[in-house]
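For reference, the structure is listed below as structure tokens.
The values are calculated or read from the model by the stated rules, or taken from the named source; none is laboratory data. As the structure is a prediction and not an experimental result, all values here were calculated from the model. Neighbour counts are summed over all protein chains in view; Cβ atoms, including those assigned to glycine, are modelled from backbone coordinates with ideal geometry.
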Amino acid sequence: MSATPQGDAPDWPARFRAAHGRAPRILHIGNIANYAWVNAMLMRRHGVEAVVLDPDFQHFASAPEWIEATIEGGLGDHFAPAWHRMRIAGFVRPEWFLNGPSALVMPELLAREGGQPARRALLRGLSALHRRAMASRAGALRRAAAGAARIGGGVLRRLARRGAAAGGGGAAGGDGRAASALARFDVVIGYALGAEIARQAGHPRFVALELGTLRGLPFEDSATGRTCAALYRAAPEVFVTNLDCIDATQRLGIPQARITAMPHPFDLDRALARAAADAPAAGGDPVLLCPARQHWKRGNASWLKGNDVLIRGAALAATRGAHFRLTMVEWGEEVADSRALIEGLGLGDRVRWIPPAPRATLWPMILRATAVLDQFAAPAIGGVGIETLALGRRLVTRLDPADPAPFFATQPPVLHAATAEQVAARIAQVLADPEDLAGLGARGQDWMRAEHGVARQLALQFAACERLVARFGPAAHG
């Protein structure tokens, strides 16, 4: 299993440029919770030509607007947000972020790589039309979206034929579209199941990046579960970002030499700067921020958040005389279940429900909170947990005490809780020190600097990329 010391800024891009006369090119597929966006942004700052391909997914939390823009207006459908009806000050999606139905974004990528700006502009415009149409309930616009996809499909077939004629074919899909589109990239990183596109295309230099994906999915008796298991077993490099998923790689029989244990992609420098510029105000009523989506009863273990543990723990704390309010986010598959449990336990007058909050809204809320109570199902730190530590606030979450290797040298300073009784005890602990005079939040920031810095994140990934290029050679048409 690969490990890399902290060190300075990674220098692989410079070595690659010296050897090959150009920057390394990395394609990121599948912008789950904006991790591909963040990772590509960080790589681009350090000399990599990074591109994000996000096909067939429009969820608001996987749109760069969600973490980059100040947003005013309602989302509408969470899986087809109405960005065109919202006020998004100054943000425009960059040309290296491709999002839309596969029938449009695959040929857009092919046109981008083939130097066909007019075709690319047409396809990009059709994807924008598709997003807008899917956000509308009007039947005419929905039909327009389907028409845009059909037009893109026709363009796709023509471009695929031209690509194959130009020698860009490959092992995948009878029309050769994915081998043609991916061939100019030195490495492809797929998030969750995103690397399946590279595997099907026969691209040799690909990475499967786990985002909780391995907790339960590859062991399901389903087509998706079997695909997941086969993908991660076949991947020449696997990035694991959750402490509790190392055991799953062993169950799948993935050789340890292929596995890199790495922190979640995260722009720590940006978070530290925000915390320094926007220090929390002292005083006020104790507010416990609970940002996890409501999903705790049904479905795959990879996605459950344990909201019931939080709610029951808060009810216990309330019966013991604790004074606090909970701020909970009204999103997820089981909002109604959470509401019913809250009312049944007599917590209704202590809970304030808010709509999903973009980063521009969420970070000030974290800074103002007495503590953040995240998730209590999987023993791992999720994206909001990382943000909480970076912003210098106390984090209550499930993180079973264990050896932090191979991810970290030391355990992150979180307040562990896995049961309702433990949640109640942690609530009492933070309320007894509302100003955090013990300095736990500051220790969280120090830990993030030492263990989760951008240089370390990139050095771990670049080491794997360098191994892939050394093993298979760089892209022939980079």
Within region 49-90, considering residues that are touching a strand residue (DSSP E or B) at 6+ places or on another chain (Cβ under 7 Å) and among the acidic types (Asp, Glu), the one farthest from residue 110 (Cα to Cα): 72
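Suppose we filter region 84-116 for residues that are among the charged types (D, E, K, R) and buried (at least 24 other Cβ atoms within 10 Å of the Cβ); how many remain?
Restricting attention to region 84-116, the residues satisfying the condition of being among the charged types (D, E, K, R) are 85, 87, 93, 95, 108, 112-113.
This time we only want the ones that are buried (at least 24 other Cβ atoms within 10 Å of the Cβ), so: 108.
Count: 1.
Listed residues 394, 398; which is within 21 Å of residue 329 (Cα to Cα), in contact (Cβ under 8 Å) with a residue 60 or more places away in the chain and buried (at least 17 other Cβ atoms within 10 Å of the Cβ)?
398
Residues checked against (1) under 22 Å from the mean Cα position of the chain (by Cα); (2) farther than 22 Å from residue 38 by Cα:
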{"residue": "365", "(1), (2)": "yes, no"}
{"residue": "373", "(1), (2)": "yes, yes"}
{"residue": "377", "(1), (2)": "yes, yes"}
{"residue": "386", "(1), (2)": "yes, no"}
{"residue": "392", "(1), (2)": "yes, no"}
{"residue": "424", "(1), (2)": "no, yes"}
{"residue": "435", "(1), (2)": "no, yes"}
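Just to check your reading of the model, which residue among 220, 210 is within 24 Å of residue 300 (Cβ to Cβ), of a type in the set (D, E, K, R) and surrounded by fewer than 19 Cβ atoms within 10 Å (Cβ to Cβ)? Steps first, please.
Numbers: 210 fails: surrounded by fewer than 19 Cβ atoms within 10 Å (Cβ to Cβ).
Among 220, 210, only 220 is within 24 Å of residue 300 (Cβ to Cβ), of a type in the set (D, E, K, R) and surrounded by fewer than 19 Cβ atoms within 10 Å (Cβ to Cβ).
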Residues that are surrounded by fewer than 22 Cβ atoms within 10 Å (Cβ to Cβ) and out of contact with any Pro (no Cβ under 7 Å at 6 or more places or on another chain), drawn from region 246-259: 246, 247, 250, 251, 253, 254, 255, 256, 257
Hits in region 297-322 (condition: touching a helix residue (DSSP H, G or I) at 6+ places or on another chain (Cβ under 8 Å), modelled with pLDDT of 95 or more and in a loop (DSSP other than H, G, I, E, B)): 320, 322
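Give 457, 445, 411 a once-over and let me know the one that is surrounded by fewer than 20 Cβ atoms within 10 Å (Cβ to Cβ), over 30 Å from residue 180 (Cβ atoms) and of a type in the set (S, T, N, Q). Steps first, answer last, please.
Numbers: 457 fails: surrounded by fewer than 20 Cβ atoms within 10 Å (Cβ to Cβ); 445 fails: surrounded by fewer than 20 Cβ atoms within 10 Å (Cβ to Cβ).
Within the list 457, 445, 411, the selection yields 411.
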Hits in region 320-371 (condition: under 22 Å from residue 60 (Cα atoms) and of a type in the set (Val, Ile, Thr)): 327, 329, 335, 354, 361, 366
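When region 352-369 is examined, which residues are found to be of a type in the set (A, V, I, L, M, F, W, C) and either crowded, with 18+ Cβ neighbours inside 10 Å or under 15 Å from residue 271 (Cβ atoms) (or both)?
To start, the set of residues in region 352-369 that are of a type in the set (A, V, I, L, M, F, W, C) comprises 353-354, 357, 360, 362-363, 365-367, 369.
Within region 352-369, 357, 360, 362, 363, 365, 366, 367, 369 meet the criteria.
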Among (1) of a type outside the set (A, V, I, L, M, F, W, C); (2) under 27 Å from residue 358 (Cβ atoms); (3) assigned by TED's automatic domain parsing to the domain that holds residue 34, the one test that residue 244 misses: (2)
Residues of region 15-46 satisfying the condition of being assigned to a loop (DSSP other than H, G, I, E, B), within 22 Å of residue 453 (Cβ to Cβ) and in contact with a Gly (Cβ under 9 Å, 6 or more places away or on another chain): 24
